[in-house]
Amino acid sequence: MARLLDVRALHAQYGPTKVLHGMDFGVEEGGITTILGANGAGKTTTLRAVCGMVKTQGEIAFAGTRIDGRATESIVRLGVAHVPDGRGTFVSLSVEENLRLGAHTRSDKAQIALDFERMYGYFPRLKERCRQQAGTLSGGEQQMLAVSRALMLRPRLLLLDEPSFGLAPRIVQELFEIFRVINQTDRVSMLLVEQNAAMALRLADHAYLLETGRVLMSGSAEELGRDESIRRSYLGY
Amino acid sequence: MDVLLHQILSGLATGGIYASVALALVMIYQATHLVNFAQGELAMFATYIAWSLVQAGVPYWAAFFLTVAIAFALGVVIERVLVQPVENAPILSVVIVFIALLVILNSLAGWIFTYTIKPFPSPFPSAPLFGNTYVTSHELGSIGITLAVLALVFVFFRFTPLGLAMRAAAQNPVSSRLVGIRVGWMLALGWGLAAAIGAVAGIMVAPTVFLEPNMMSGILLYAFAAALLGGIDSPGGAVLGGFIVGVLENVVGSIIGTELKLTVALVLIVGVLVIRPSGLFGKVLVTRV
């Protein structure tokens, strides 16, 4: 299988502070890759680097084209959707307007209408609240909205930044179930960053363990999940 | 009573002008959190363009729409060429750019068109409409046009995808980029729209205040008072504030004398900032420190 996202020797920095020191990783077409690691290891920065939100060096290729150095909005338009850290809700716009913005780059009206129904099918609570100001939603609902907004782009690659953060375990279960469905039915590839390593390893097929901006270990999700010492030292379960 | 009614009605007419300029100020404020001090001079310059077109024999309404289009383009170009390079600069640098723009446009107008005061035509008949004695046709017409512009702006922002994208870009640029909105262009478009709205205001006010390079300086002050009164981040508030300031200015002016008219605006600005800095409809900004 070809790699949809192929990253080589990725360095990233915020001003003078270097955060990533030469990372190599990738996402297979149709696959789910997860990046695990402690707080401050550079997980969020990795996702930001992929869609051009931080200064980077190194090679980032998406579907065979180099995207490093491009503007965020141009990368997004290639089909890379990002569910950001902090959810990125447009708080004073309605839920429906938030979703409409997700489809900003598309012009296929009939398909967009169908996708609205699909999102409301995944998350019925969003339908109930579609006229409500998005800032008044609960944390879980805003996370659902962030995921739906990203999917409205009809992405080929979905970047997920700690989707389980601050959510009740039952909602996390629901959310991950939907990720699996989306991955299997729509063939959306995913790059998932998570604190909840157990959940992430169950969903993903490939995993990278990150420590202070370097890949410490990589392999199939199954392998990494089985390794007793890794589990105890790095994944905490 | 008659006098008062007359004052209120013509106050509404000038209030409409203030409302338009205030709306232009608010639009740029929402996107950049800065007050564009050159907004009035942009409108003045656009009015000179309209005047030149009319002088060249272009029919009034053709000149009107052509000017609005030119002002729009001018706004976009100014944003791209002059404002965009200082996007991430400290606030003071940007303010200096705005003030430079004000001075440059003012002098440029004086240089090209001279400082001689010029009459500007009104598209409306000189006889009062419907035989009323309270309000001139031009006042009534300019209220109508102002309301039409405001309605158009409202519909644009509320119901079109581009309007939605512009609101999103103003509110949350990071998330906007993540859904593929070209935020830089949305800002330029905002400048274009603000300049176009200002052009309409300039053309509508020119027949009453006459055309000269400093014609908008007082108006900008009133518009600023209007925007503050309504809440500098609330477009609806700015519009309402414009009408309130227009009426207040006229009525108070007729009681205490026209020399003190401009004082009304200044008292309002200071009063709002002291008593209720967020204005009537503005959001109160709460920051954790």
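Checking the a/c ratio against 1.5 first, then a/b against b/c, what shape does the Cα gyration tensor give for the range B:159-289?
Details: a/c = 2.98, a/b = 1.53, b/c = 1.95.
Taking the square roots of the gyration eigenvalues as a ≥ b ≥ c, the range B:159-289 is oblate.
What is the order of A:Cys130, A:Cys51, fewest Cβ neighbours within 10 Å to most? Kindly include the intermediate steps, with their values, before the conclusion.
Numbers: A:Cys130 16, A:Cys51 26.
So the residues, fewest neighbours to most, are A:Cys130, A:Cys51.
Please report the net charge: other residues with Cβ closer than 11 Å to the Cβ of A:Ile112, K and R +1, D and E -1. Working shown, then result.
On the way: positive: A:Arg100, A:Arg106, A:Lys109, A:Arg118, A:Arg154; negative: A:Asp108, A:Asp115, A:Glu117.
That sum, taken over residues with Cβ under 11 Å, equals +2.
Excluding the sites themselves, what is the longest stretch of chain B that contains no chymotrypsin sites (Phe, Trp or Tyr not before Pro) in a DSSP loop with at most 13 other C-beta atoms within 10 Å?
On the way: sites that count: B:Tyr115, B:Phe210.
Counting only loop sites that pass the neighbour cut-off, the longest clear stretch is B:1-114.
Which listed residue (A:Ala81, A:Asn98, A:Phe62) has the Cα farthest towards the positive end of the charge dipole for the range A:39-132, taking +1 on Lys and Arg C-beta and -1 on Asp and Glu C-beta about the Cα centre?
A:Asn98
For a protection proxy built on the mean count of beta-carbon atoms within 10 angstrom, sort A:156-168, A:11-23 highest first, please. Kindly include the intermediate steps, with their values, before the conclusion.
Numbers: A:156-168: 20.5, A:11-23: 14.9.
Output ranking for A:156-168, A:11-23: A:156-168, A:11-23.
Over the Cα atoms, compute the radius of gyration (one decimal) and Dmax (the largest Cα-Cα distance, rounded to a whole number) for chain A, in Å.
According to the Cα coordinates of chain A, Rg and Dmax are 17.2, 52 Å.
With only alpha-carbon pairs counted, each pair once and no self-pairs, how large is the Kirkwood hydrodynamic radius of the protein assembly as shown in angstroms?
25.9
How big is the charge dipole of the range B:2-275 about its Cα centre, in debye rounded to the nearest 20, if each Lys and Arg gets +1 on its Cβ and each Asp and Glu gets -1 on its Cβ?
On the way: 7 positive and 9 negative charges, 121 e Å.
The calculated dipole for the range B:2-275 is roughly 580 debye.
Between A:Glu96, A:Glu29, A:Glu128, which gets the highest mean-square fluctuation from a Gaussian network model of chain A, Cα cutoff 10 Å?
A:Glu128
What number does the range B:2-275 give for Rg over Rh if you use C-alpha atoms and the Kirkwood radius?
On the way: Rg = 18.3 Å, Rh = 19.0 Å.
Result for the range B:2-275 is an Rg/Rh of 0.97.
Take chain B, connect every pair of alpha-carbon atoms lying under 10 Å apart with a spring to form a Gaussian network, then pick out the residue of B:Ile181, B:Ile49, B:Ile275 with the largest mean-square fluctuation.
Per the Cα network of chain B with a 10 Å cutoff, B:Ile275 tops the list.
Which one, B:Leu42, B:Leu34, B:Leu228, has the greatest fluctuation when you compute a Gaussian network model over chain B with C-alpha springs under 10 angstrom?
The residue with the greatest mean-square fluctuation here is B:Leu34.
Taking chain B as the reference, fit the longest principal axis to its C-alpha atoms, fit the long axis of helix B:161-171 to the helix C-alpha atoms, and give the angle between the two in degrees, 0 to 90, nearest 10.
70
Do you know the Lys pair count in chain A for C-alpha distances under 25 Å, with sequence separation 8 or more or different chains? Kindly include the intermediate steps, with their values, before the conclusion.
Values: A:Lys18/A:Lys43; A:Lys18/A:Lys55; A:Lys43/A:Lys55; A:Lys109/A:Lys127.
Final tally of qualifying lysine pairs is 4.
If you average the sequence gap of Cα pairs under 8 Å that are 6 or more apart and divide by the length of the range B:2-275, what percent do you get for the contact order?
Numbers: 410 pairs, mean separation 107.9, N = 274.
This gives 39 percent for the range B:2-275.
What's the average, rounded to a whole number, of partner chain beta-carbon atoms within 10 Å of each residue's beta-carbon in B:170-177? Walk me through the numbers before you get to the answer.
Details: counts 0, 4, 7, 0, 6, 12, 6, 11.
Average per residue, whole number: 6.
Per-residue HN-Hα couplings for the range B:273-280, Karplus 6.51 cos²θ - 1.76 cosθ + 1.60 at θ = phi - 60°, whole Hz, x for Gly and Pro?
The phi angles translate into 5, 7, 8, 8, x, 7, x, 5 Hz.
Inside 10 Å of the C-beta atoms of B:178-189, what's the mean count of C-beta atoms belonging to other chains?
Values: counts 19, 18, 17, 7, 7, 3, 2, 1, 0, 0, 0, 0.
Whole-number average of other-chain Cβ neighbours for B:178-189 is 6.
Averaged across the residues of A:14-24, what count of C-beta atoms belonging to other chains lies within 10 Å of each residue's C-beta?
Working: counts 0, 0, 0, 0, 0, 0, 0, 0, 0, 0, 0.
What the average comes to for A:14-24 is 0.
Pull out a ≥ b ≥ c, the square roots of the eigenvalues of the alpha-carbon gyration tensor of the range B:1-108, then state rounded if a/c is under 1.5, prolate if not and a/b is larger than b/c, and oblate in the remaining case.
Oblate shape, in that a/c is at least 1.5 and b/c is the bigger or equal ratio.
Each value in this text was obtained by applying a stated rule to the coordinates, not by laboratory testing. Note that this is a predicted model, so its numbers are computed, not measured. With ideal geometry, Cβ positions are generated from the backbone for all residues, glycine too; neighbour counts draw on all protein chains shown.
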